[in-house]
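The values are calculated or read from the model by the stated rules, or taken from the named source; none is laboratory data. Computed from a predicted structure; not experimentally measured. Counting neighbours? That spans all protein chains shown, and the Cβs are built from the backbone with ideal geometry, glycine included.
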Amino acid sequence: MKGLKIIGTGKYLPGKAVSNMQLSETVDTSDEWIVTRTGIKQRYFAEGESNAFIAAKAAEAAIKKAGICKEDIACCIVATFTPDQVTPSVACHVQKLCNLPENIMAYDINAACTGFLYGLKTVYGLLLQQPEKYALLIGSEIISKYLNFEDRTTCILFGDGGGAAVVKLTTEEKGFYCVTGCRGDIEIINCPGITKAHTDIPSFIAMNGKEVFRFAADAVQKCIEEILHKSHLKLEDIDYVVCHQANERIISHVYKKLDAPSEKFFMNLQHYGNTSAASIPIALDDMAKLGLLKEGVKTLCIGFGAGLTWGGVLLEW
Ligand code: UT7
């Protein structure tokens, strides 16, 4: 069975960084509370940019890094739960903004914060039909449009941003190790969003933080264990675990439970907050720029989010 390889990453952060201190000028919170409970120090909020613009910027950076010709791209998939409009999809806008060929499929998938991992499994299936081509996979969000800045339990957590990857099948039979899951639940975390934007029903993100925390800590650990079991690897064989960057406490809870070194669990949420589907590709791009993703490095990417959804993918660089 062929494996999946990321050959280029890119990211884009819109607007400018908003520190906890700046947020506390308008929201009843403090830098100390946010850092202690989440690890987040700042986030970016878009200022006039659309989700499609953010996604296209990240995509251009990934295509440039991969050094490929746009004509060789077979599909453009955008993982997002915050599209600019119901239709056309963000992916269709990216096709135009990036001047991608017209003989491709371009569509969005919504698995909230697990979106990029659902996306990896999706493009794996698509590339099997066109093994000589590349997939452009983007996680992009403009969550600030869906935040209630009077709800301090949610608005301090999220940020806007996009991350992208150019993906191809491996030439060798490497194996593709992936787990995905879903449990329909609209109580723990939901966002009515654009379909209800013109009614008096609030269209903001609402969440039971403690329940999300419990679900996430459990899902992350189970995904890691399941992938290790499938791939016949031990945690010691994995160079980095790249969790969805939601909360430092969720990540530290997991590495403590697994008795693993904290350095194995990459974290950059302090810079960006929770960027949902963008968080894992942004983390991979930061890791690439830090020189951590040398050839042969194994990363285990793990996501969880609204849906409820969860997933994990093992990638070798
Ligand atoms: O992609 C998935 C996204 N979701 C998540 O990652 C959320 C996971 N959950 C969490 O990270 C945590 O549950 C939170 C960070 C959201 C909240 O932490 P907590 O330890 O569960 O706090 P809490 O909700 O129990 O609130 C404790 C106190 C309350 O005050 P009282 O009732 O004890 O007086 C809250 O009103 O903290 C108060 N509080 C705040 N204070 C200052 C809640 N939010 C804030 C805030 N600033 N932003």
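For the stretch 176-186, the set of residues classified as more than 16 Å from the ligand (Cβ to nearest atom) and out of contact with any Gly (no Cβ under 6 Å at 6 or more places or on another chain) consists of Y177, C178, G184, listed by residue number.
A111 meets the conditions (1) over 28 Å from H253 (Cβ atoms); (2) buried (at least 22 other Cβ atoms within 10 Å of the Cβ) in every case but one. The failed one is (1). Scanning the stretch 16-39 for residues that are at pLDDT 95 or above and within 13 Å of G161 (Cβ to Cβ) returns A17, V18.
Among the residues of the stretch 16-37, write down those that are among the charged types (D, E, K, R), in contact (Cβ under 8 Å) with a residue 60 or more places away in the chain and not in a loop (DSSP other than H, G, I, E, B). Even if it seems obvious, please write down each step before you answer.
Restricting attention to the stretch 16-37, the residues satisfying the condition of being among the charged types (D, E, K, R) are 16, 25, 28, 31-32, 37.
Going one step further and asking which of them are in contact (Cβ under 8 Å) with a residue 60 or more places away in the chain, we end up with 28, 37.
If the condition is that a residue be among the charged types (D, E, K, R), in contact (Cβ under 8 Å) with a residue 60 or more places away in the chain and not in a loop (DSSP other than H, G, I, E, B), then R37 is the only one that fits.
Tell me whether the stretch 2-10 contains one or more residues that are touching a residue at least 60 places away in the same chain (Cβ under 8 Å) and within 21 Å of I142 (Cβ to Cβ). Please lay out each step first, then the result.
Initially, the stretch 2-10 is screened for residues touching a residue at least 60 places away in the same chain (Cβ under 8 Å), giving 2-10.
Next cut, within 21 Å of I142 (Cβ to Cβ) only: 9-10.
Yes; the residues of the stretch 2-10 include at least one that is touching a residue at least 60 places away in the same chain (Cβ under 8 Å) and within 21 Å of I142 (Cβ to Cβ).
If I filter the stretch 84-98 for residues that are in contact with a Cys (Cβ under 7 Å, 6 or more places away or on another chain) and of a type in the set (A, V, I, L, M, F, W, C), do I get at least one hit?
Start the filter on the stretch 84-98 by keeping residues that are in contact with a Cys (Cβ under 7 Å, 6 or more places away or on another chain), which leaves 91, 94-95.
Cutting the leftovers down to of a type in the set (A, V, I, L, M, F, W, C) gives us 91, 94.
Yes, the stretch 84-98 has at least one match.
The criterion of being within 16 Å of the ligand (Cβ to nearest atom) and either out of contact with any strand residue (DSSP E or B) (no Cβ under 6 Å at 6 or more places or on another chain) or modelled with pLDDT under 90 (or both) does not hold for D200.
Counting only residues that are part of a loop (DSSP other than H, G, I, E, B), surrounded by 16 or more Cβ atoms within 10 Å (Cβ to Cβ) and more than 13 Å from the ligand (Cβ to nearest atom), how many does the stretch 138-173 have?
2
Taking the stretch 241-271 as the range and being more than 12 Å from the ligand (Cβ to nearest atom), out of contact with any Cys (no Cβ under 9 Å at 6 or more places or on another chain) and not in a helix (DSSP H, G or I) as the test, the residues that pass are L258, D259, A260, P261, N268. Regarding the stretch 50-57, can at least one residue be identified that is more than 14 Å from the ligand (Cβ to nearest atom), of a type outside the set (S, T, Y), within 20 Å of Q245 (Cβ to Cβ) and in contact with an Asp or Glu (Cβ under 6 Å, 6 or more places away or on another chain)? Yes; the residues of the stretch 50-57 include at least one that is more than 14 Å from the ligand (Cβ to nearest atom), of a type outside the set (S, T, Y), within 20 Å of Q245 (Cβ to Cβ) and in contact with an Asp or Glu (Cβ under 6 Å, 6 or more places away or on another chain).
Quick test for you: out of I40, I68, pick the one residue that is assigned by TED's automatic domain parsing to the domain that holds Q85 and under 19 Å from the mean Cα position of the chain (by Cα).
Numbers: I68 fails: under 19 Å from the mean Cα position of the chain (by Cα).
After applying the criteria, what remains is I40.
Criterion applied to I63, I77, I40 was being assigned to a strand (DSSP E or B) and β-branched (V, I, T), and the one residue passing it is I77. So which residues in the stretch 272-291 are more than 16 Å from the ligand (Cβ to nearest atom), in contact with a strand residue (DSSP E or B) (Cβ under 8 Å, 6 or more places away or on another chain) and either more than 20 Å from I224 (Cα to Cα) or not assigned by TED's automatic domain parsing to the domain that holds E225 (or both), if there are any at all? Correct list: D285, D286, A288.
Taken together, the residues in the stretch 222-240 that are away from the ligand (no atom under 15 Å from the Cβ), not aromatic (F, W, Y) and not in a loop (DSSP other than H, G, I, E, B) amount to 12.
Before we move on, is G312 crowded, with 23+ Cβ neighbours inside 10 Å and either in the same structural domain as A217 (by TED's automatic domain parsing) or within 13 Å of the ligand (Cβ to nearest atom) (or both)? Yes, satisfied.
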